[in-house]
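Asks: Please read through the structure below; I'll follow up with questions.
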Amino acid sequence: MDALRKSVAPSAEFIRFCGVGALGFLIDAGLLLWFIETAGLNPFLARVFSILLALSTTWAMHRNWTFRSNGSGRLAEWSRFAAVNGAGGTLNYLVYSAILLALPGTAPLLALAAGSAVALVANYLGSRIWAFRRRPAILPRA
């Protein structure tokens, strides 16, 4: 029974990942609304800008809190994170766009929530396995 509970219980790392993702979602959503309502951009272009800014924030937080990275250099890590989240962001954007196109009149934030939910698992696995991979410690020569 204990093994079953452990296999389905979310890890602390996944919970931190979701917390950072929730903050990223709020940043993304706030900027999306600002770009649409204040800057006058259409919802599709506004989403491009909002997701890029949210991505930068979440990378820094994941690096320092979720995965406590001490891996490769920042540029290499940023590149891997951008690739993972670029794929997840593309998936997110496709779901977002499909909903807006298929269901005219849908609130952009509802479409954003659906896109974010679909991309969550892909982003977590890609970040954990590849973007923030731990480099093996180099053993001193004898």
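Asks: Count charges around residue 78 for me, please; just the other residues with Cβ under 15 Å from its Cβ, Lys/Arg as +1, Asp/Glu as -1. Intermediate results must be reported in sequence, preceding the final value.
Replies: Details: positive: 63, 74, 80, 133; negative: 77.
Surrounding charge for residue 78 is +3.
Asks: Give, rounded to the nearest 20 debye, the magnitude of the charge dipole that the chain has about its Cα centre when Lys and Arg contribute +1 at Cβ and Asp and Glu contribute -1 at Cβ.
Replies: So the dipole magnitude of the chain works out to roughly 800 debye.
Asks: Fully extended, how many nm does the chain gain between residue 94 and residue 110 (0.36 nm per residue separation, minus their Cα-Cα distance)?
Replies: 4.4 nm
Asks: Still on this structure, please answer the following. Determine the relative contact order of the chain: mean sequence separation of Cα pairs under 8 Å and six or more apart, normalised by residue count, in whole percent.
Replies: Once normalised by length, the contact order is 24 percent.
Asks: Still on this model: How charged is the neighbourhood of residue 20? Take every other residue with its Cβ under 13 Å from the Cβ of residue 20, and add Lys/Arg as +1 and Asp/Glu as -1.
Replies: Residues near residue 20 contribute +2 overall.
Asks: I'd like the orientation of helix 12-37 relative to the chain: the angle between its Cα long axis and the longest Cα principal axis, in ° from 0 to 90, rounded to 10.
Replies: The angle comes out at about 30 degrees.
Only the coordinates and a few stated rules stand behind these numbers; no lab work does. Being a predicted model, the structure only gives us computed values, none of them experimental. Cβ: placed from backbone, ideal geometry, glycine included. Neighbour counts: every protein chain shown.
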